[in-house]
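I have placed the structure first, in the form of structure tokens, so that the comments after it can refer back to it.
Nothing in this text is a laboratory measurement; each read-out follows from the coordinates by a stated rule. Since this is a predicted model, take the numbers as computed values, not measurements. Backbone-built Cβ (ideal geometry, glycine too); neighbour counts: all protein chains shown.
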Amino acid sequence: MSEAVKALFANIAPKYDLLNRVLSARNDVRWRKRILREIQGSPAEVLDLACGTFDLGLEALAQGKAQRVHGCDFCQPMLVAGADKRKGRPLSASVGDALHLPYADGSFDLAMVAYGWRNFGDPRLALKELARVLRPGGQLLILEFFRPVSWWPKTFYGSFGRFVFPLVGGTLTGNADAYRYLNDSIKRFLSRDEADAAISEAGFTSQHWVSFFGGVSHGVVAGR
């Protein structure tokens, strides 16, 4: 991840949660809740990669889909912005690189990434790292915006994503560039079918996909 992109996220960190709720009309909350219901059992050790301000990790704990969560993000100001939310919870925080995770092989029963996979410098290498740190029989959860290929997601990103994201984001944070990057990063990323193939190539099996808002967002759970 380039230093420029890291700086973008650092700049918007204090208002990151607010912008997520406003721009998604709180759908981001519903989508996290929904995809976590696909997780089997109550994994003991859970990695929340690109954890941001810990929304996914906290929801996993609330649903009983995690006993302990280890949050990891490349942007320390994001971890600082969410620090109060994790007080008193079995949720740690570390700064780390998704392409060189600071964990031993087979450390986790579940690895999760919500809206961070497309920001990794090499998405396929990141999948290999996630496979490495998962135990045999572990689970992978990814929630993401993929490059649109059908008419409705293309229309959504070509209109709302292109104009509304930067306008609202710029108004509330003073940094419209961060929200232009959001839309641009989606257009450059893998399609859902390409992501499906990449996950299989990394050694994951039994993929189960869930589509949100007509394909604007997708979640997938796969086995190790």
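For the chain, what proportion of DSSP beta bridges, expressed in % and rounded to the nearest 5, is antiparallel?
40 percent
Treating only the Cβ atoms of Lys and Arg (+1) and Asp and Glu (-1) as charged, compute the dipole magnitude of the range 3-223 about its Cα centre; round to the nearest 20 debye.
640 debye
With r defined as the distance between the Cβ atoms of A62 and L172 and R0 fixed at 35 Å, what FRET efficiency is calculated, to the nearest 0.05?
0.85
Could you give the size of the charge dipole of the range 1-107 about its Cα centre, using +1 on the Cβ of each K and R and -1 on the Cβ of each D and E, expressed in debye and rounded to the nearest 20?
Using Cβ point charges on Lys, Arg, Asp and Glu, the range 1-107 gives about 580 debye.
Between S24 and V95, what is 0.36 nm times their sequence separation minus the Cα-Cα distance? Round to one decimal in nm.
Between S24 and V95, full extension yields an extra 22.9 nm.
Each label point is 7 Å from the Cα along the Cα-to-Cβ direction; what then is the distance between the points at R34 and K128, in nm?
3.4 nm
Let me have the relative contact order for the range 89-224, percent, based on Cα pairs under 8 Å that are six or more residues apart.
29 percent
With the contact rule set at Cα under 8 Å and sequence spacing of 6 or more, what percent relative contact order holds for the range 9-162?
Across the range 9-162, relative contact order equals 21 percent.
Compute the Cα gyration tensor for the range 1-52, then decide on rounded, prolate or oblate, letting a ≥ b ≥ c be the square roots of its eigenvalues: rounded whenever a/c is under 1.5, prolate when a/b is larger than b/c in the other cases, and oblate in all that remain.
oblate
Assign one of three labels to the range 150-194, namely rounded, prolate or oblate, based on the Cα gyration tensor with a ≥ b ≥ c the square roots of its eigenvalues; rounded applies when a/c is under 1.5, prolate when it is not and a/b is larger than b/c, and oblate otherwise.
Judged from the Cα gyration tensor, the range 150-194 comes out oblate (a/c at least 1.5, b/c at or above a/b).
Stretched out fully, how many nm does the piece from K6 to E201 gain, at 0.36 nm a residue minus the Cα gap?
67.4 nm
With a ≥ b ≥ c taken as the square roots of the eigenvalues of the C-alpha gyration tensor of the range 78-152, please select rounded if a/c is under 1.5 and otherwise prolate if a/b is larger than b/c or oblate if it is not?
oblate
Rg(Cα) of the range 3-223 divided by 2.2 N^0.38 Å?
0.95
Go from 0 up to the bin containing the longest alpha carbon distance in the range 110-185, width 5 Å each, and give me the % of pairs per bin.
For the range 110-185, the binned pair fractions read 3, 14, 19, 17, 16, 12, 10, 6, 2, 0 percent.
What is the distance in Å between the Cα centroid of the range 157-183 and that of the range 1-40?
Here the two parts' Cα centres lie 14 Å apart.
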